[in-house]
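The values are calculated or read from the model by the stated rules, or taken from the named source; none is laboratory data. Please read these numbers as outputs of a predicted model, since none were measured by experiment. Cβ coordinates were reconstructed from backbone atoms using ideal geometry, including for glycine residues, and neighbour counts include every protein chain displayed.
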Amino acid sequence: MALKINEYCVACGWCQMVCKNGAIREGDFMQYKIDPERCTECVGWYEEPRCIQICFLSAIEPDSTHKETHEQLLAKWEKLHPGKVPQVM
Ligand code: SF4
């Protein structure tokens, strides 16, 4: 499942800095957005989603409209980073 940014976001930018998939961008109305085509919930990099850990406003949550299995998330990661070895399976 990809993640999404909710209305508590104040566009501080910390989540964008920690996302190694380049999945977080500035959206409209001073809030950031997560691209579900690039978010792997950090599968491939870390045990837990980094952006959720760093957001002090709890503005990042699961997006139930983009449900994916662990295998699908890992396959997405491998497509985003061809030739690289996952840091965490
Ligand atoms: Fe990026 Fe990981 Fe957050 Fe997804 S969970 S947006 S890959 S930092």
What pairs can you find where one residue is in region 28-56 and closer than 13 Å to Y8 by Cβ, the other is among the polar types (S, T, N, Q) and at pLDDT 95 or above, and their Cβ atoms are less than 7 Å apart, with a gap of 6+ or different chains? Y32/Q16
State the number of residues belonging to region 10-19 that are closer than 14 Å to Q53 by Cα and either surrounded by 15 or more Cβ atoms within 10 Å (Cβ to Cβ) or in contact (Cβ under 8 Å) with a residue 40 or more places away in the chain (or both). 5
Name every residue in region 57-88 that is hydrophobic (A, V, I, L, M, F, W, C) and in contact (Cβ under 8 Å) with a residue 24 or more places away in the chain, in order of residue number. L57, A59, I60, L73, L74, W77, L80, V88
Take the residues in region 18-71 that are hydroxyl-bearing (S, T, Y) and touching a helix residue (DSSP H, G or I) at 6+ places or on another chain (Cβ under 7 Å); name whichever of them is farthest from M1 (Cα to Cα). Y32
